[in-house]
Structure formats: C-alpha cells, structure tokens
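The values are calculated or read from the model by the stated rules, or taken from the named source; none is laboratory data. Not measured: the values here are computed from a predicted model. Because the Cβ atoms are built from the backbone with ideal geometry, glycine has one as well, and the counts that use them run over all protein chains shown. Heads up: the accessible areas ignore ligands, DNA and RNA and are worked out on the full protein's heavy atoms, side chains in. Shrake-Rupley method; radii C 1.70, N 1.55, O 1.52, S 1.80 Å.
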Amino acid sequence: MRIVRGAVQAIAEVGVGNTTHRLVAARAEVPLGATTYYFASLDDLVAAALEYASAETVRMVDDWAARIRGSDDVPGVLTTLTAEYLADRPRALVEYELYLAAARSPELRGFARAWVEGIGGFLADRFGSPAAAAAVTLLDGTMLQVLTLGTPLDEEQLRWSLARCLAS
C-alpha cells in the first residue's frame with residue numbers, strides 16, 4: 001500500500017504520463033527495486049494508484065450524499081464540501097488526473113461515471129435531472145478552474161450559482 005500511495009503522490013506532482021518508478025520509490029520511501037518487484041510494469045503501478053484514488057472518490061461521493069441528505073441548505077453544504085475537497089490540493093489533483101485520463105482510456109471511465117452519476121444521482125432524486133446535471137457541471141468547472149488557475153474558491157459565488165441551478 002505504501003508504494004501505491006507513493007504512486008498517488010507522484011501522479012499528483014507530475015501527472016500520469018510523467019510518473020516513473022524512480023519517482024514513486026522516492027515518494028514511497030522504498031528502494032527502487034521494490035516498485036518493480038511488486039508491480040510488473042509502470043502501467044500496472046499507475047493502474048493500482050488510479051484504482052486506489054477511484055475507491056477514495058467513491059467513498060467521498062457516499063460521504064457527500066450522506067451530508068446533503070438531511071440538509072435544508074444544499075447549495076451551502078455543497079459549497080462547504082467543495083471547499084473542503086479543494087483544501088487537499090494533492091488529492092484533488094490526483095483525482096482530476098484520473099478524471100481527465102478517462103478521456104483517453106475507456107477502462108478508467110467507470111471512475112468518471114462514479115463521480116458524475118454519484119453526485120448527480122442523489123441531486124436528481126431531490127431536484128430533478130436537469131438541475132442536478134447543471135449543478136454537477138458547475139461543480140466540475142469550478143473545481144477545475146480553481147485547480148488550474150490556482151485561484152481561491154469564491155464560496156459566495158459558488159453558493160449563489162448552485163442555488164440558481166438547483167432552483168430551476
């Protein structure tokens with residue numbers, strides 16, 4: 001597990017395409033040979049890291065759903081959850097690496113679906129499909145912009161926008 005977490009850290013730092021055995025070993029604080037002993041190829045190692053990140057995302061979606069279920073202020077809760085998510089920048093970067101890698105790798109699309117359908121599903125049950133789809137798109141775009149541009153999350157703007165999406 002230490003090597004897999006090291007791979008997750010490496011992916012967060014340099015992206016999937018630039019991850020190497022040497023970098024993973026350094027992040028995991030293990031000898032270089034350990035990465036090749038436990039993983040036949042770099043692809044296998046990256047796949048294990050992405051699978052680990054994917055499982056973490058599924059747990060996150062379940063947590064978000066539980067925290068939203070009883071709330072009367074869904075836009076406020078979603079804004080808080082988004083701020084908490086973005087506060088762990090390395091994790092968010094790994095998950096967005098995985099999310100974007102799904103555009104090129106069909107085997108990773110289950111992860112992307114888990115996020116979109118997971119978040120969208122519990123919002124659709126409460127607000128309807130069009131509003132849920134708009135809210136998921138807004139969340140994705142907001143998180144991607146914050147991560148890409150390095151700007152802080154404008155919580156007031158996000159809450160306002162979510163309220164409009166979910167009220168429609």
**Study point:** Criterion violated by Trp64 - all others in (1) at pLDDT 90 or above; (2) loosely packed, with under 14 Cβ neighbours inside 10 Å satisfied
**Key:** (2)
Check your understanding: Hey, Arg2 hits all of (1) in contact (Cβ under 8 Å) with a residue 60 or more places away in the chain; (2) over 23 Å from Ala102 (Cα atoms); (3) of a type outside the set (Ser, Thr, Tyr) but one; which does it fall short on?
Key -> (1)
Review point. Out of all the residues in region 86-99, is one or more under 15 Å from the mean Cα position of the chain (by Cα) and basic (Lys, Arg)?
Key: yes
Review point. Yes or no: Leu100 under 28 Å from Cys165 (Cβ atoms) and touching a residue at least 40 places away in the same chain (Cβ under 8 Å)?
Key: no
**Study point:** Residue in region 86-95 that is in a helix (DSSP H, G or I), within 23 Å of Arg164 (Cβ to Cβ) and at pLDDT 85 or above present
**Key:** yes
Point to revise | Single residue of region 1-56 satisfying the filter (among the polar types (S, T, N, Q) and under 15 Å from the mean Cα position of the chain (by Cα)) that is nearest to Thr148 (Cα to Cα) | key: Gln9
Revision key, fill the gap. Checked region 81-94 for anything open to solvent by 60 Å² or more (accessible area, probe 1.4 Å), touching a residue at least 24 places away in the same chain (Cβ under 8 Å) and of a type outside the set (D, E, K, R); matches are Pro90
Exercise for review: Could you check, for region 33-44, whether at least one of its residues is crowded, with 18+ Cβ neighbours inside 10 Å and hydrophobic (A, V, I, L, M, F, W, C)?
Suggested key: yes
